[in-house]
Amino acid sequence: MKIVIIGGGPAGSTAARKLAPFYHVTLIQDKLDFDKPCGGGIKTKAFKEFDIPNKLIKHSLDHVIMKYKNTTVKVDLNGKNLSIVKRDEFDKKLRDLAQQAGAKIIYGRFKTVKNNKAIIKTDNSILNLDYDILIAADGVNSTVRKALNLPKIPATITHYARIDQYKVQTCEFFFDFDIGGEYYAWAFPHENLTHIGTVSRGNFENLCRYLNVKAKPKGYKIPTWQENIIIQKNNVYFVGDAAGQVMPLSFEGIYYAIKSADLLANCILENKNYPNEWNKRFFKEFSLMKKLEALNKTFIRGFVVKAHKLKLIQKFSVKMWLGE
Ligand SMILES: Cc1cc2nc3c(=O)[nH]c(=O)nc-3n(C[C@H](O)[C@H](O)[C@H](O)COP(=O)(O)OP(=O)(O)OC[C@H]3O[C@@H](n4cnc5c(N)ncnc54)[C@H](O)[C@@H]3O)c2cc1C
């Protein structure tokens, strides 16, 4: 069986790595050294769970900081359970692992599908690749979704920058409404830089004033998951951001892209229904987080931050977030 996977981010590479020992797998990646705009935060348990080398971890964090008005809360993560990776290096390694497992990698851009062939444009040619199964792991702006006339993935714009003027030792989250907007703003450590992000442009400018830094943000989309997103159409499967599989509220996309790709690969190997299996595994968790995300948009947000001074609440949140 021939499987063509579009997108060599965490989702596509994970599916390729798992399927390559059994099928003829071709992974298509448009950019050689793509450095996905990202905080790079991922549950530490992912490294063991998916046999990913620990040396990719740039920061191992045992606590995070929540800020709301005059309240600052240090949240204990019950061990070094949150890690930060550099996305260009992390994604490249996952592609290498897929290649070692037997996947063929082609650097080129997926354009469209015609008669069960994926049309790929490389630097010097146009390829027509036969497939029995096509996996779309091509991110939030999925070209495969467009080619199949499927609705776009629901998403919000985030404003994001990399700065060197405000140094952080761990992940900081800012919940004031003028900074955090509908969700929250964040500052994550990245070796000698700090990655910062928030929702609207106005929130970003307020964040810069608050941190006393100057930065020019770029806007990027991040999926806002909701139920009933189409994740399979005949022999085409969608996974990761291309399927909207980012956890509401925490906005973790890396871990859930990898988890969902692993589940998809198992469904293909065991001939199971992918949308049903995904819902069985994730629907409850995503729905609950969606409800908490809605609460976070109300005045309750301030109380929730303050409640995290209590160790019991910290333990509960960390268990829900990191599973630790
Ligand atoms: C500002 C920001 C901060 C974030 N911070 C975090 C965080 O700290 N932690 C976290 O877990 N998540 C975070 N996310 C979300 C996370 O980045 C994504 O959810 C995750 O990258 C999804 O992985 P993926 O493999 O599905 O898609 P992607 O990582 O987007 O990978 C898709 C790949 O497909 C390639 N591609 C796209 N189109 C084509 C095409 N036509 N042909 C060939 N290749 C193509 C792209 O180059 C890319 O390599 C953040 C997102 C944003 C925007």
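Structure values in brief
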| read-out | value |
| --- | --- |
| Calculated from backbone phi, Karplus (6.51, -1.76, 1.60) coupling profile of the stretch 172-182 in Hz, x at Gly/Pro | 10, 10, 10, 9, 4, 4, 6, 9, x, x, 5 |
| Helix 87-100 axis, angle to the chain major axis (alpha carbon atoms, nearest 10°) | 30 |
| Size of the stretch 156-221 as Cα extents on the principal axes (Å, biggest first) | 28, 21, 18 |
| Prolate/oblate/rounded label for the stretch 132-186 (Cα gyration tensor, a/c 1.5) | prolate |
| Residues whose placed amide H lies under 5 Å from that of LEU27, excluding near-sequence neighbours | ILE5, LYS104, ILE105, ILE106 |
| Euclidean distance between Cα centres, the stretch 277-302 to the stretch 123-183, Å | 20 |
| Among beta bridges that DSSP assigns inside the chain, antiparallel share in %, nearest 5 | 70 |
| Whole-number D in µm²/s for the chain (Stokes-Einstein; Kirkwood sum over Cα pairs; 20 °C, 1.002 mPa s) | 105 |
| Rounded FRET efficiency, nearest 0.05, which uses the C-beta distance separating LYS319 from ASN235 and R0 of 30 Å | 0.20 |
| Degrees separating the helix 201-211 axis from the principal Cα axis of the chain, which is the longest one | 50 |
| Flagged links, alpha-carbon separation over 32 Å, of LYS92/LYS291; LYS221/LYS306; LYS114/LYS216; LYS18/LYS86; LYS43/LYS117 | LYS92/LYS291; LYS114/LYS216; LYS43/LYS117 |
| Accessible surface of the chain [probe 1.4 Å, protein heavy atoms]: carbon and sulfur percent | 52 |
| Accessible area in square angstrom per residue, the chain, 1.4 angstrom probe | 48 |
| Between helix 284-296 and the chain: long-axis angle, C-alpha atoms, 0 to 90°, nearest 10 | 40 |
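The values are calculated or read from the model by the stated rules, or taken from the named source; none is laboratory data. None of these values were measured; they are calculated from a predicted model. We place every Cβ from the backbone using ideal geometry, glycine too, and count neighbours over all the protein chains shown. In case anyone asks, the SASA skips ligands and DNA or RNA and just uses the protein heavy atoms, side chains included. Shrake-Rupley method; radii C 1.70, N 1.55, O 1.52, S 1.80 Å.
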